[in-house]
1. Which whole-number percent is the relative contact order of region 87-209 (Cα, under 8 Å, 6+ apart)?
2. In region 11-55, which trypsin sites (Lys or Arg not before Pro) are in a loop and have at most 13 other Cβ atoms within 10 Å, using DSSP for the loop call?
3. If each residue of separation counts as 0.36 nm, what is the full-extension length gain between ILE46 and ASN330 once their alpha-carbon separation is subtracted?
4. Would you mind computing, in nm to one decimal, how far apart the modelled labels at LYS119 and LYS356 are, each placed 7 Å from Cα along Cα→Cβ?
5. Does a label point 7 Å from the Cα of LYS60, set along Cα-to-beta-carbon, have any residues of region 86-125 with amide nitrogen under 19 Å, and which are they?
6. Note down the magnitude of the dipole of region 105-191 about its Cα centre, charges +1 on Lys and Arg C-beta and -1 on Asp and Glu C-beta and zero elsewhere, to the nearest 20 debye.
7. Take every Cα pair under 8 Å in the chain that's 6+ residues apart, average their separations, divide by the length, and report that relative contact order as a whole percent.
8. What length, rounded to one decimal in nm, is gained on full extension from LYS73 through to LYS255, with 0.36 nm per residue of separation minus their alpha-carbon distance?
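Please treat every number below as a calculation from the coordinates, not as lab data. Only a predicted model underlies this, so the values are computations on that prediction, with no experimental measurement involved. Positions of Cβ are generated from backbone atoms using ideal geometry, with glycine treated the same way; all protein chains shown enter the neighbour counts.
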Amino acid sequence: MENNNVTEFNSIRPYFDSEVHDAIERVVKEPGFIKTLEYFFPGAPIDATLKMLRGIKTVKEFQHNFIVKLVSKIEQMSITHFSFSGLENISKDKPYLFLSNHRDIILDSALLNTHLALKGYETSEIAIGNNLLILPWITDLVKLNRTFIVHRNISVKELYESSLLLSKYINYTIKENKNSVWIAQREGRTKNGDDKTQVSILKMFNMSSQGGVIENLKSLNIVPMTISYEYDSCDTLKVIEQYNKKIDKNFKKSKLDDMAGMRHGLECNKGRVTIHLGKPILEDFDNLTKMNNKNILYEEVAKLIDKKIYSGYKFYPINYVTADVISNTNKYAEHYTKEEKQQVIDYIETQSKQFKGDVDLQKTMLMQIYANPVYNAENI
């Protein structure tokens, strides 16, 4: 469902069906896009794929005829087993706000939408930071895929205006346009496995609403989503970034770093992957309505969402082994075998060969990516 008469959101919204043809024409002429096709569909005749794309007239066609096939190919190449649970918690005729932990730049939401589509559900719109729109054809590609833009690295005044527009758009999309939305529980991917909902995200949801905090949040039909990767395909990149920030306060990622992150996330091994959709958070919010202090209320809401997200987490041997190694205990030994422990140790050693500088520190940071979710789930 789309309303072409609403112009307030033109600076951030996805493409309308009327814009699909021109956007695809731009994309198919880009060498970078052609290389992407050649990598993920080796041996497939490029001309036939381009002809198919040029025949697409709607966003839904683009998602079903191209994106679903692309993501399915990525799964085949880099995921050993994928499982999707919790569909019984949502309805095909209701829009939801999928509030999710965030591991991979592209795949978290792409996997959700692909498997919603394969199960006959409508796909969700997707929030993405403008820092990742590195090239014009990437912008076209994501906006064809029902993605709306979150502006980052802007001034305080611009941040307020941008957040208000984003709040209006999310509320409009869910309540008026009846489309679901996927957004991460925090700004950007977690870099150390410490998944926590940012209060600022919750406040943004409410910026454009007139009612009470709980009333507004309930009206968004929030569904906690948990995505669990056995192996984070960007784990070393995340460690190197955080390490560089630790030793140099002025360090900033380059566009090439973002490109590398997107490429690694799509191409590299992820092992087993699970997505779980929890029940919409409705009655649980009612227990918080008596709080008068809004800041404390938002903090309690964040804790509640965190609890729901962690209840859907799937832990693998690498999570338990690293948790034990860091704490120098055997607390979680029942969750892995000696062989699995050795495999994890070998993996950490192999990945650590990419580090320069304080390798021991970075090795610990690498293990924390996998261990922190275990610690959080126990203490949340």
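1. Numbers: 139 pairs, mean separation 47.2, N = 123.
Relative contact order here is 38 percent.
2. LYS29
3. That pair, ILE46 and ASN330, stretches by 96.9 nm at full extension.
4. Going from the LYS119 label point to the LYS356 one covers 4.5 nm.
5. 91-96, 113-125
6. Details: 11 positive and 8 negative charges, 34 e Å.
Once rounded to the nearest 20, the dipole reads 160 debye.
7. Computed over the chain, the figure is 21 percent.
8. Details: separation 182, 0.36 × 182 = 65.52 nm, distance 2.59 nm.
My answer for the length gained is 62.9 nm.
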